[in-house]
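What follows is calculated from the coordinates using simple rules that are stated; it is not laboratory data. All figures in this text were calculated on a predicted structure; none of them were measured in a lab. Positions of Cβ are backbone-derived with ideal geometry, glycine not excepted, and every protein chain shown enters the neighbour counts.
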Amino acid sequence: MGTGGKGISLETKTRPLPELGGGPSLYVHVPFCRSKCGYCDFYSLPAGPGSAPGEAGEAFLKNLEKEWALLGEPGPFATIYVGGGTPTVLDSSTFYRLLDFLGPLLARGGEWTVEANPESLDREKLQAMKEAGVTRLSLGIQSLREEDLAFLGRAHDSRKAREVLDLARRQGPWGLSADLILGLPGREEEDLEEEIRFLLERGVEHLSFYILTLEEGTPLWERARRGEVRLPAPAAQARLLLFVRSLLASRGLPPYEISNAAITGRECRHNLRYWLGGEYLGLGPSAASFAAGKRRKNLSHLDGWAAALGEGRLPVEEEESLPPLLRAGERAWLQLRTRWGMDPGEVRQRTGAPTSWAEKAEALAAFFRGRGLMEKRENRWALTEEGILQADGIGAAFLALD
Ligand code: SF4
């Protein structure tokens, strides 16, 4: 299996931009997990072994409804994404009420994703999601090898992951997505190939694959600092990323973003809307919103978020208006993550950046093309496979354009 290289693209033909539907998107952050994984720095509170958040989950749901009411009861939404945290860790009754609350907010034909982890997913919850109209299920599998799951401190084992995959497939059809973490010690290309084969056989049609990073303050970071664990070198991790992209392309799931691949037409519309510059509303602690050139972030901690709502005010931690140049830089950077890339003229038009920005962006893209990092497909600039490995630096260069 080739692993890509300088100037190489996995794109065999130009594809039209997917139809993303009108109206904004809704993200709901559920801030609970069964336990904290060793590498995680997302905001979520551990509910404890074998238990669910109970009353805390109920209170969370009531506050979520309050936040929505304070915002003027917006909707319907073209896409809804319930993430976290682990939404399925909520008690069954709370989880069903959450589904009842969100169902009417989805626009006709809209996409509705719920994230779920194997340890807190069962037949009843799957059935409830199906009946409520959930269209996509995103499973936090991460690995099918026992030693990897123990290394990561996941709350599920490999047997449970396989069992849940079977259950989910039987309760379908729906868009089935699985997350994998790359760059774990001792997990070779052959292991990944075998795991991916298993997932595809179980009906997974969308995969997200992220390289493990050590986030400061997490237990895994601590262990690495003490020299107890060592991750593969960055070059080996980069090779793995290109290997998985190439493997998935050859299995009929072309990558459509740096770390996401799907059967054509089964891409996650919600996330595509983020990357392509769509507007979204976030509910829940630490959730972010973007609309009319303004970005807003909610208070991160559950207590602060709930206290603000209890006082009848929006739980906003920070809000900023993005000037046109920053909007243009961010839009270019995000769009470059996708297989459709970006058109400097279109970015300028959508953000109100000056004509000179588009000229500089064209020149910068041509510079990166000279180094085999970008290519032009029709009128849009996209990253090559080598460019994918340098996406952060390339994105930073577009963000710095004045
Ligand atoms: S399940 Fe996800 S959000 Fe929860 S602790 Fe693990 S990585 Fe973090």
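Report the relative contact order of the stretch 170-233, percent, no decimals, based on alpha-carbon pairs under 8 angstrom and at least 6 residues apart.
Rounded, it is 45 percent for the stretch 170-233.
Given +1 on the Cβ of Lys and Arg, -1 on the Cβ of Asp and Glu, and no further charges, what dipole in debye does the stretch 25-274 carry about its Cα centre, rounded to the nearest 20? Please report the intermediate quantities before stating the final value.
Values: 30 positive and 36 negative charges, 63 e Å.
Its charge dipole is roughly 300 debye.
What does the highest-first list of 53-66, 259-272 look like by mean Cβ count within 10 Å?
Values: 53-66: 17.9, 259-272: 20.1.
Highest to lowest by the protection proxy: 259-272, 53-66.
Rounded, prolate or oblate: which fits the stretch 269-351 when a ≥ b ≥ c are the square roots of the eigenvalues of the alpha-carbon gyration tensor, with rounded for a/c under 1.5 and prolate only if a/b beats b/c?
Prolate.
Please provide three numbers in whole Å: the alpha-carbon extents of the stretch 325-399 along the principal axes, with the largest listed first.
Projected onto its principal axes, the Cα set of the stretch 325-399 covers 31, 22, 19 Å.
Cα centroid distance between the stretch 99-148 and the stretch 237-251, in Å?
The stretch 99-148 and the stretch 237-251 have Cα centres separated by 26 Å.
What list of ³J(HN,Hα) couplings, whole Hz, do you get for the stretch 65-81 from phi and the Karplus terms 6.51, -1.76, 1.60, once you set θ to phi - 60° and write x for glycine and proline?
Coupling constants for the stretch 65-81: 5, 5, 4, 5, 5, 5, 7, x, 6, x, x, x, 10, 5, 9, 10, 10 Hz.
Rounded to the nearest 500, what is the chain's calculated 222 nm mean residue ellipticity when only DSSP H runs of at least 4 contribute -39500 (n - 2.57) each, over all residues?
Values: 15 runs with 162 residues, N = 402.
Theoretical 222 nm ellipticity from helices: -12000 deg cm²/dmol.
Within the chain, what percent of beta bridges assigned by DSSP are antiparallel, to the nearest 5?
The answer is about 40 percent antiparallel.
Give me the Å³ per residue figure for the convex hull around the C-alpha atoms of the chain.
Per residue, the Cα convex hull of the chain comes to 139 Å³.
In angstroms, what radius of gyration and Dmax does the stretch 125-242 have, counting Cα atoms only?
Both quantities, over Cα of the stretch 125-242: 15.7, 49 Å.
Sorted by packing (mean other beta-carbon atoms within 10 Å per residue), highest first, where do 167-178, 227-238, 317-328, 84-95 land?
With the highest mean Cβ count within 10 Å placed first, the list reads 84-95, 167-178, 317-328, 227-238.
Got the relative contact order for the chain handy, in percent, Cα pairs under 8 Å and 6 or more residues apart?
Relative CO of the chain lands at 19 percent.
Under 10 Å from the Cβ of L90, count the other residues' Cβ atoms, weight Lys and Arg +1, Asp and Glu -1, and hand me the total.
Neighbourhood net charge equals 0.
Using the charge dipole of the chain (Lys, Arg: +1 at Cβ; Asp, Glu: -1 at Cβ; taken about the Cα centre), state which of T384, G217, I258 has its Cα farthest towards the positive end.
In the chain, that residue is T384.
Nearest 20 debye, what's the magnitude of the dipole of the stretch 123-200 about its Cα centre given +1 on Lys and Arg Cβ and -1 on Asp and Glu Cβ? Please list the in-between numbers first.
Numbers: 13 positive and 16 negative charges, 128 e Å.
It comes to approximately 620 debye.
Quick check on packing: order 204-211, 137-144, 124-131 by the mean number of other C-beta atoms within 10 Å, highest mean leading.
137-144, 204-211, 124-131
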